[in-house]
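J.: Submitted below is the structure of interest, expressed as C-alpha cells.
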Amino acid sequence: MKGDTNEQALLKGLAHNDSKAVEIIYKDNFNMIQTFILNNNGSYDEARDIFQEAMIALYEKSQTDSFVLTCQIKTYLYSVCRRLWLKRLQQMGRFTGSVDGFEETVAVEEDLETHEKRNAEFVIMDRALNSLGEPCKSLLQGYYLKKMDMTALAAEFGYTNADNAKNQKYKCLMRLKKLFFSQYNIGE
C-alpha cells in the first residue's frame, strides 16, 4: 500500500513540475530502459531520447484530471519506451524479429500518435511564430503568453488605443494562421 501512495505522490509531483519527483522517476527507471535499448540494437543517446519521450508522455498524462495509472510508473514507462523503440527500429529497418514479452506491454499507441502529432504541430507553430516577425510576434506573445490586456498592449506597442491594438492583434493572428497552415500542409 505504501508503494502505491508513493507512486501517486510521484505522479502528483510530476504534474506540478516538482524537480525532485522527476529526478526520482528518472533514477528509478532510466537504467532499465537503457539496458533494454542497448540490448536491442540501440545506443545510450537513443535510450536517453526514448526515455525523454516517455517522460513527456507521462507528464502530459499526469496533467489531465481523467488520467488514472492502473500499473506502476515503471511498467508504464517501460511499455511506452518499448513501443517507441520498436517503432523506431522498424522505421530504421533494424527490427529483425520479435522482442520477448512485447505482448505484455500496456497499449498506448493511440496516445503516442496523438502526442507525436501534437509535438509536430508545436514545432510548426514555433516555426511560423518565428517567421512572423516583429511587432506581431511580441504582440501575440504579450496577449496569449503574458496574458496582457489590450490597454497594456496598446501602451507597450505605441497604439493610440485598445481598439487599435485589438485590430493589430487580429491581423497578426491571421498572418500567423496563414503561415502555420501553409507549413502544416507541406508537412502532411
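The values are calculated or read from the model by the stated rules, or taken from the named source; none is laboratory data. Just so we're clear, the structure is a prediction, and the values are computed from it rather than from any experiment. Cβ coordinates were reconstructed from backbone atoms using ideal geometry, including for glycine residues, and neighbour counts include every protein chain displayed.
J.: Step by step: first the residues of region 14-64, then only those that are of a type in the set (S, T, N, Q) and closer than 23 Å to ALA120 by Cβ, then the one that is surrounded by the fewest Cβ atoms within 10 Å (Cβ to Cβ). Which residue is that? Please lay out each step first, then the result.
T.: At the first step, the residues of region 14-64 found to be of a type in the set (S, T, N, Q) are 17, 19, 29, 31, 34-35, 39-41, 43, 52, 62-64.
In the following step, the residues that additionally are closer than 23 Å to ALA120 by Cβ were identified as 52, 62-64.
Working: GLN52: 13, SER62: 18, GLN63: 12, THR64: 9.
Selected residue: THR64.
J.: What number of residues within region 24-55 are more than 18 Å from the chain's Cα centre (by Cα) and of a type in the set (D, E, K, R)?
T.: If we filter region 24-55 for residues that are more than 18 Å from the chain's Cα centre (by Cα), which is where we start, we get 24, 27-45.
If we keep only those that are of a type in the set (D, E, K, R) as well, we get 27-28, 45.
Of the residues in that region, 3 qualify.
J.: Which members of region 35-76 meet the condition of being of a type in the set (Asp, Glu) and either touching a residue at least 12 places away in the same chain (Cβ under 8 Å) or in contact with a Cys (Cβ under 9 Å, 6 or more places away or on another chain) (or both)? If you could, list the steps in order and put the result at the bottom.
T.: Step one: of region 35-76, the residues of a type in the set (Asp, Glu) are 45-46, 49, 53, 60, 65.
Within region 35-76, GLU46, GLU53, GLU60 qualify.
J.: OK, next. Restrict the check to region 73-90 and report whether at least one residue is in a helix (DSSP H, G or I) and exposed (fewer than 13 other Cβ atoms within 10 Å of the Cβ).
T.: yes
J.: Related question: Can you tell me which residue in region 42-100 is nearest to ARG118 (Cα to Cα), limited to those that are at pLDDT 85 or above and among the hydroxyl-bearing types (Ser, Thr, Tyr)?
T.: The extreme case among them is TYR59.
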